[in-house]
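Readers should treat all values here as calculations from the given coordinates under stated rules, not as data from a laboratory. Note that the coordinates shown come from a computational prediction; the quantities given were computed from them, not determined experimentally. We place every Cβ from the backbone using ideal geometry, glycine too, and count neighbours over all the protein chains shown.
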Amino acid sequence: MNRLKNKIALITGGAKGLGASIAQHFFNEGAEVIICDINIDKAQKTANKLNGNAYYMDVSNSSSVQNVFRKIETKFKHLDILVNNAGINGFEKRQDLLDERIKINNQQSKEFSETGKIESHFDVTVNMSDEEWITMISIYLNGTFFCTREALKIMNNINKGSIINMGSVLGTTGGPSSPHYSAAKAAILGFTRATARELASRNIRVNAIAPGYIDTDMTSSLGDVKKIVKSGTPMKKFGEVEDISWAAVYLASEEAKFVTGQTLSPNGGFVMSQ
Ligand SMILES: NC(=O)c1ccc[n+]([C@@H]2O[C@H](COP(=O)([O-])OP(=O)(O)OC[C@H]3O[C@@H](n4cnc5c(N)ncnc54)[C@H](O)[C@@H]3O)[C@@H](O)[C@H]2O)c1
């Protein structure tokens with residue numbers, strides 16, 4: 001109940017989905033929550049339910065991030081927990097990629113079983129625009145860096161803190177329709193390990209969560225890709241938001257005081273590791 005009592009926690013992308021569930025769990029454990037999101041209406045509604053605060057923040061915009069963190073420093077004086085969670089899946093304007101994924105997947109299986117030779121190809125990277133690539137990297141990689149840098153300007157004053165970066169299993173396995181997403185998520189895991197080493201002397205722990213597929217708005221558009229994912233998951237299902245939130249509570253709490261530079265991956269067995 002009180003695992004995060006008196007802690008101040010900032011969650012990016014906390015208006016809905018995993019971020020909102022993490023905010024709820026943090027609140028239940030006694031934390032004061034600050035929700036930052038581009039969807040300020042929804043962020044405000046979520047914050048209101050948790051007696052928390054909401055701020056408009058575009059994590060991909062350095063000035064927007066700096067502006068909010070300065071306000072937070074003035075209002076709250078300190079910050080204990082940062083969750084770098086905000087994000088997109090890259091299919092928002094590209095339903096065609098998902099449709100193509102199913103089509104090509106079926107064609108490849110058919111070709112292979114009939115002739116042993118594959119003639120159909122995904123061709124996502126060769127057709128990706130600069131804008132698609134840059135948007136993805138800006139939100140995830142720049143956003144994680146911008147928020148971490150600004151949070152440290154506050155956390156360094158008390159030499160204590162917990163930073164949690166949202167990765168993904170696709171940062172490890174790769175995803176055939178999302179080279180930009182997989183690249184950004186893999187980079188976040190590297191950034192997590194580097195900052196964990198740098199900040200250990202300050203008693204600021206940095207860890208990542210790499211969720212498997214979880215039921216949220218982000219995955220609701222996946223359509224038939226869901227079937228492919230479920231069949232490749234030993235538990236044969238998607239996870240629930242709570243499966244990730246409890247991992248975040250653990251990493252944010254004193255129970256994880258000896259844990260830094262790690263990646264926790266609730267994923268139904270989609271990826272298995274040490
Ligand atoms: N749902 C999954 O299966 C899954 C799996 C692995 C990793 N993740 C990661 O978990 C995180 C949350 O995903 P979700 O499923 O809750 O998605 P979601 O779409 O439900 O929520 C994402 C939130 O991020 C906000 N956001 C988007 N761009 C932003 C920006 N530039 N600045 C600030 N806020 C922004 C959105 O407004 C939204 O509130 C993401 O980092 C995602 O990559 C999700």
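Odds and ends about this structure:
- Entries of K7/K42; K45/K230; K5/K236; K230/K257; K16/K110; K16/K227 with Cα pairs more than 28 Å apart: K45/K230; K5/K236; K230/K257; K16/K110
- With the simple model of a label 7 Å out from the Cα in the direction of the Cβ, T74 to I134 spans 3.2 nm.
- Ellipsoid semi-axes in whole angstrom, largest first, where each is sqrt(5λ) of the Cα gyration tensor of the range 130-208: 26, 13, 7
- Taking chymotrypsin sites (Phe, Trp or Tyr not before Pro) across the range 189-274, the ones in a DSSP loop with at most 13 further Cβ atoms lying within 10 angstrom of their Cβ are F258.
- Using R0 = 30 Å, the C-beta based FRET efficiency linking E242 and S63 works out to 0.30.
- Each label was represented as a point 7 Å from its Cα along the Cα-to-Cβ direction; for E198 and N157 these points are 2.0 nm apart.
- Listed by number, the DSSP H helices of the chain that run 15 Å or longer by alpha-carbon position along their axis and have mean Kyte hydropathy of at least -1.0 are 17-28, 62-76, 143-155, 179-199, 241-252.
- Taken over the chain, the alpha-carbon convex hull comes to 129 cubic angstrom per residue.
- For S178, net neighbour charge (Lys/Arg +1, Asp/Glu -1) across residues whose Cβ lies under 11 Å away: +2
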